[in-house]
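Single-structure report; data block below.
Readers should treat all values here as calculations from the given coordinates under stated rules, not as data from a laboratory. Because the structure is a prediction, the values reported are computed rather than measured. With ideal geometry, Cβ positions are generated from the backbone for all residues, glycine too; neighbour counts draw on all protein chains shown.
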Amino acid sequence: MKKQNDLLSYLIPALIIGFSLGARFSGFELGERLLTNLGQYLKTLLLLLPPVFILIGLFEVWVPRKTIEKHFGESHGSSAWFWLMLLSATIVGGLYVSLPLAYTLYQKGTRLRLVYGFLGFSTICRIPMTFFEASFLGLKFTLIRYAIALPLIIISAMIIEKMTGEGKGN
Amino acid sequence: MRFLYPIAIIVLIISFFANKTKTWQAIRLAWKKLSSILPRFLTMISILAVISLIFPVDKIGVILNQNSNWLGLMLALGIGSIIFVPGFIAYPLAAVLLENGVPYYIIAGFTTSLMLVGFASLPIEITYFGKKTAILRNISGLVISLLIAIAIGFIYGEF
């Protein structure tokens, strides 16, 4: 993980929140709407992030690095893709939840292409999302999407690993 | 999503009975990890607040309804990539659009890029995996979304 510049990483939120508050108190409806949006997203984060990070913390201390390295490391078998697919199905929320989890897997010794695969899977295999999709757009739609996306996710994960160089975070 | 708190608390209690020291260590680690990435999450929701001001859900429906063919698909992919709408809002919207005659391939482009590409979560992704990886992964997500949309279009006989 890259060290972040604290000033810079607070600048965007500070500007937008400051602008919203300014607009709100100068009587612009725009400010009100921005603040409502911010409040809604903040609520989502509060619902998700604390328990997710607690689970990540527990995962870190309880799962030995050796176990992960053995099954998901350099010489992983093809079943590793399947297990990560299953894990990704349990993700709620979206990428912003699977990203910290993926990073934890990487730190524990998971090979990068599996990490990228997990990220990809988490965008297409999530259980609640799949149910919503199948019930609103039809099972056929969902099956076609899965059939095309799954192999492409694996292929693109391998390509990205090749292009970025194995073993490096950046 | 509310069920996450009970799950985390139950696992935490089990862990606590198994090993107190490890559990405190896990909590400290959780806080350290959360607090170090928190600014990026605030950046994400700030970006999202502005984006959803520009593209409210009803406006997305209108845009996707007006354009079919390639322009419609490109708009669907573009909007799907930058906005963030949870599944329980996106799929009912997609069903309504279908009823209004929007083709399946445009719906596919929208819902798939919505999930696979995350413009607003890029700051988080870059912090964890670096700029190159984050950009490559999002571009590949966009390409996969396009391919899925095209395949859906062919299978549903829309091309």
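Rg/Rh for the protein assembly as shown (Cα atoms only, Rh after Kirkwood) is 0.97. Using the empirical formula 2.2 N^0.38 Å as the baseline, the Cα radius of gyration of segment A:1-49 reaches a ratio of 1.37.
Once the Cα atoms are used to define both axes, helix A:95-107 deviates from the longest principal axis of chain A by about 50 degrees. Once you sort the root eigenvalues of the Cα gyration tensor of segment B:39-155 as a ≥ b ≥ c, which label holds: rounded (a/c under 1.5), prolate (a/b larger than b/c) or oblate (the other case)? Since a/c reaches 1.5 but b/c is at least a/b, the shape of segment B:39-155 is classed as oblate. Each of A:THR67, A:ALA147, A:LEU112 was placed along the dipole of segment A:63-170 (beta-carbon charges, centred on the mean Cα), and the one lying farthest toward the positive end is A:THR67. Partner shielding of A:140-148 amounts to 5, given as the average count of beta-carbon atoms from other chains within 10 Å of each residue beta-carbon.
Considering helices alone, the calculated mean residue ellipticity of chain A at 222 nm is -27000 deg cm²/dmol, with DSSP H runs of length four and up weighted by -39500 (n - 2.57) and normalised per residue. Measuring between their Cα centroids, segment A:4-62 and segment B:67-129 lie 23 Å from each other.
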